[in-house]
Amino acid sequence: MPAVIFALLIRIFSNPFANSLQKILSVKYSAILINLYSYAFLSLLCVYPAVKCYSWSGYGIVFWEYVCLAGILCTLGSVCLIKALQYGEMSMLGPINSYKCIVGLLLAAVMLGEIPTGAELFGVLFIISGSWYIFDTVDGGFKFSLLLRRDIILRFAALFFTGCEAVILKKIILMSSFTESFILWCFSGLLFSFVLMWCFKIKFTVLSGKNLLYTFFIALGLGMMQLSTNFVFDNMDVGLSLALFQLSSIVSVVFGWKFFCEKNVRKKLLGALIMIIGSCFILIR
């Protein structure tokens, strides 16, 4: 149990850390290019264990279909998230991630047989209400037209893709191990980033100096995030895991305030705290 809690803490802090650097780079560079560099660094770190420590010949075609699907969903989710961060506030977009609980719970129920309890559903409602409270910090208060903003739409698309990816990753972990699934996640993310570069005719740009260092730290943050995510998925239901990950909303609000001078911090923190209460309800079984 202590190992799971430690992995949860890593997951909660590493994601906003990577998002902050992605937002900085997105001002100048394509989201797909940033994603490509990040997964290139991760893949380089995985080459040795992939070749020396594991044998991949024993997995069937269904397994590799899951790996490819997870790679596609992961890449699309990452690119949508980076584009959303380019256009919107991190302190607002971070809490929207709470809606991933709904995607995760529904897909986990259908694909993995993990039926949510009444307490979990009540907790999800709390998390959603907290994120809606954060929406009210926009000038003029919350309006349904706010959901049609470019950054909000991209953020919802990102959480949908990553929510679907979470369930597929759980399947891959069950068929292999959380370390093997992590290695495959890195390689598939790199592969499909190249595919997107080709599809959208994005020109490859050589990064150097501070910008290259940023992509390395993004890779480090994403790697810690995914490795800890896989470990948690290996020891906990997907729906419950995704709900607890929403605690990173507080970190996103604080990072948005400290690094990007975003406003209405108290109200956003209150909304994030409501989401924490929802997470506590989800823990009740």
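Criterion first (surrounded by fewer than 20 Cβ atoms within 10 Å (Cβ to Cβ) and part of a helix (DSSP H, G or I)) does VAL47 satisfy it?
Values: surrounded by fewer than 20 Cβ atoms within 10 Å (Cβ to Cβ): yes; part of a helix (DSSP H, G or I): yes.
When the stated conditions are applied, VAL47 passes them.
One residue is enough: does segment 131-140 have a residue meeting the conditions at pLDDT below 85 and of a type in the set (D, E, K, R)? Spell out the reasoning first.
Filtering segment 131-140 for residues at pLDDT below 85 gives 131-140.
Retained after the next criterion (residues that are of a type in the set (D, E, K, R)): 136, 139.
Yes, some residue in segment 131-140 is at pLDDT below 85 and of a type in the set (D, E, K, R).
Which is polar (S, T, N, Q), surrounded by fewer than 22 Cβ atoms within 10 Å (Cβ to Cβ) and within 26 Å of MET92 (Cβ to Cβ), of ASN235, ASN211? Can you show your working first?
On the way: ASN235 fails: within 26 Å of MET92 (Cβ to Cβ).
None of the other options fit; the residue is ASN211.
Only one of SER188, SER252 is touching a residue at least 24 places away in the same chain (Cβ under 8 Å), in contact with a Gly (Cβ under 6 Å, 6 or more places away or on another chain), assigned to a helix (DSSP H, G or I) and more than 16 Å from LEU69 (Cα to Cα). Can you tell me which? Outline the logic, then answer.
Numbers: SER188 fails: more than 16 Å from LEU69 (Cα to Cα).
Exactly one of SER188, SER252 is touching a residue at least 24 places away in the same chain (Cβ under 8 Å), in contact with a Gly (Cβ under 6 Å, 6 or more places away or on another chain), assigned to a helix (DSSP H, G or I) and more than 16 Å from LEU69 (Cα to Cα), namely SER252.
Any idea which of PHE122, PHE156 is aromatic (Phe, Trp, Tyr), part of a helix (DSSP H, G or I), under 28 Å from PHE255 (Cα atoms) and at pLDDT 80 or above? Step through it out loud before you land on a result.
Working: PHE122 fails: under 28 Å from PHE255 (Cα atoms).
Only one candidate passes the filter, namely PHE156.
So for segment 205-216 (the condition being in contact (Cβ under 8 Å) with a residue 24 or more places away in the chain, closer than 30 Å to SER55 by Cβ and in a helix (DSSP H, G or I)), does at least one residue qualify? Outline the logic, then answer.
Going residue by residue through segment 205-216, those that are in contact (Cβ under 8 Å) with a residue 24 or more places away in the chain are 205, 207, 211-212, 214-216.
Those still in the list that are closer than 30 Å to SER55 by Cβ too: 216.
Subset that is in a helix (DSSP H, G or I): 216.
Yes.
I'd like to know if segment 210-228 contains one or more residues that are farther than 24 Å from LEU25 by Cα and either charged (D, E, K, R) or modelled with pLDDT of 80 or more (or both). Reasoning before the result, please.
Initial filter on segment 210-228 (farther than 24 Å from LEU25 by Cα): 228.
Imposing the further condition that a residue be either charged (D, E, K, R) or modelled with pLDDT of 80 or more (or both) reduces the set to 228.
The answer is yes, given that some residue of segment 210-228 is farther than 24 Å from LEU25 by Cα and either charged (D, E, K, R) or modelled with pLDDT of 80 or more (or both).
For segment 8-42: of the residues being part of a helix (DSSP H, G or I) and charged (D, E, K, R), which is farthest from PHE204 (Cα to Cα)? Reasoning before the result, please.
Quick first cut of segment 8-42, residues part of a helix (DSSP H, G or I) only: 8-26, 31-42.
With charged (D, E, K, R) added as a condition, the list becomes 11, 23.
Details: ARG11: 30, LYS23: 19 Å.
Selected residue: ARG11.
Yes/no matrix, rows are residues, columns are (1) surrounded by 20 or more Cβ atoms within 10 Å (Cβ to Cβ); (2) free of Cβ contacts under 8 Å to residues at least 40 places away in the same chain; (3) within 17 Å of LEU190 (Cβ to Cβ):
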residue: VAL4; (1), (2), (3): no, no, no
residue: ILE10; (1), (2), (3): no, no, no
residue: ASN15; (1), (2), (3): yes, no, no
residue: ALA18; (1), (2), (3): yes, no, yes
residue: LYS23; (1), (2), (3): yes, no, no
residue: ALA31; (1), (2), (3): yes, no, yes
residue: SER38; (1), (2), (3): yes, no, yes
residue: LEU42; (1), (2), (3): yes, no, yes
residue: GLY58; (1), (2), (3): no, yes, no
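The values are calculated or read from the model by the stated rules, or taken from the named source; none is laboratory data. If you're wondering where the values come from, they're calculated on a predicted model, not measured in any experiment. Positions of Cβ are backbone-derived with ideal geometry, glycine not excepted, and every protein chain shown enters the neighbour counts.
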